[in-house]
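See below for the structure under consideration.
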Amino acid sequence: WAHRMLAERSPTLGPGFFIRFTVQYNLFAGTVLAVGGPDHLRALEDIQRKGQLGCFALTEKPAGVNSGLVVGTKITWLPDEKEFLLESEDVGDRKNWISQGLVGDKAVVMADLNVAGKSYGPHAFLMDLRDEATGDVVDGVLLEDMGVKTVGNDLDNARIAFNGVRLPHSAMLNRYADVNPDTGAYEERA
């Protein structure tokens, strides 16, 4: 009902508000609901209670229409530190056209998971884009405005790059797969 109501009003409001609603509740929160574990669901409740905005960092230019199937953004499990290292190693690995990317507090990031030198393909991670206390963009994250578009300029679109961003083990949305922090092994779940 909410989507229908917003779509009907988008000619007068502009498409930005409708798209923001879809990004917040379907792409960002919907992904946490679909592939997050119990701790992520509790975190999502807290995010919503605080009114924090999220974005869904998926699209990369080299993927073209195969967005999500081709992911160059890399996340590597660091067993000694028991954390992940998130990187956009190439300019093509940057996330593009990320709605709410410039104003978001949080992000669900799709990245190619690498454990012990092996790629396990795209996996989702929940991370802070901004420091909750200061509102500053977290270290290692670069946000750029994608600029003026032919339509929908009431919505920001960001290009997001990751340069050596450290994420805790808890960042991995782990309903169906996880990295065992004690053994460093990749584990699938039914």
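The values are calculated or read from the model by the stated rules, or taken from the named source; none is laboratory data. On a predicted model such as this, the values are computed, not experimentally measured, just so you know. Glycine also receives a Cβ, built like all others from the backbone with ideal geometry; neighbour counts cover every protein chain displayed. Protein only, heavy atoms only, side chains kept; ligands, DNA and RNA dropped before computing areas. Shrake-Rupley method; radii C 1.70, N 1.55, O 1.52, S 1.80 Å.
Worth pointing out:
- Under a 5 Å amide H cut-off, with hydrogens placed 1.01 Å from N, N174 pairs with G37 among residues at least 5 apart or on other chains.
- Cα convex hull volume per residue for the stretch 1-99 (Å³): 146
- A protection proxy built from the mean count of other Cβ atoms within 10 Å ranks the segments 88-97, 38-47, most packed first, as 88-97, 38-47.
- Computed from phi, the 3J(HN,Hα) profile of the stretch 41-51 under the Karplus parametrisation 6.51, -1.76, 1.60 (θ = phi - 60°) reads 5, 5, 5, 5, 4, 5, 4, 5, 4, 7, x Hz, with x in place of Gly and Pro.
- Taking all protein chains into account, the per residue accessible area for the chain stands at 52 Å² (1.4 Å probe).
- Among D145, D131, D139, the sequence by solvent-accessible area, most first, with a 1.4 Å probe is D139, D145, D131.
- Too-long pairs where the Cα-Cα distance tops 26 Å, listed order kept, from K50/K149; K50/K118; K61/K149: K50/K149; K50/K118
- At the residue level, F56 shows approximately 40 square angstrom of accessible surface with a 1.4 angstrom probe and all protein chains present.
- Kirkwood Rh in Å, taken over all unlike Cα pairs in the chain: 17.1
- Debye intensity ratio in log₁₀ form over the Cα atoms of the stretch 43-123, taken at each q of 0.11, 0.17, 0.25 Å⁻¹: -0.34, -0.75, -1.14
- Contour minus Cα-Cα distance for T183 and T134 (0.36 nm per residue): 14.1 nm
- Relative packing of peptides 158-164, 181-187 - highest average C-beta neighbours within 10 Å first: 158-164, 181-187
- Size estimate for the stretch 98-140 follows the Kirkwood approach: the inverse of mean 1/r over distinct Cα pairs works out to 11.8 Å.
- Within the assembled protein chains, the solvent-accessible surface assigned to E60 is about 10 Å², based on a 1.4 Å probe.
- Most to least accessible of I19, I75 (protein chains only, probe 1.4 Å): I19, I75
- What a 1.4 Å probe finds exposed on the chain is 53% carbon and sulfur by accessible area, rounded to a whole percent.
- The stretch 78-185 - Rg and Dmax from Cα coordinates, angstrom: 15.1, 50
- Each residue of the stretch 11-23 was assigned a 3J(HN,Hα) from its phi angle through the Karplus curve 6.51 cos²θ - 1.76 cosθ + 1.60 (θ = phi - 60°); the sequence is x, 8, 7, x, x, x, 5, 4, 5, 4, 4, 5, 4 Hz, with glycine and proline shown as x.
- Largest to smallest in accessible area, the residues V141, V148, V35 fall in the order V148, V35, V141 (1.4 Å probe, all protein chains included).
- Model label zone, D39; criterion: amide N under 15 Å from point 7 Å along Cα-to-beta-carbon; scope the stretch 128-166: 128
- Distance from the Cα centroid of the stretch 34-95 to that of the stretch 113-190 is 3 Å (rounded to whole angstrom).
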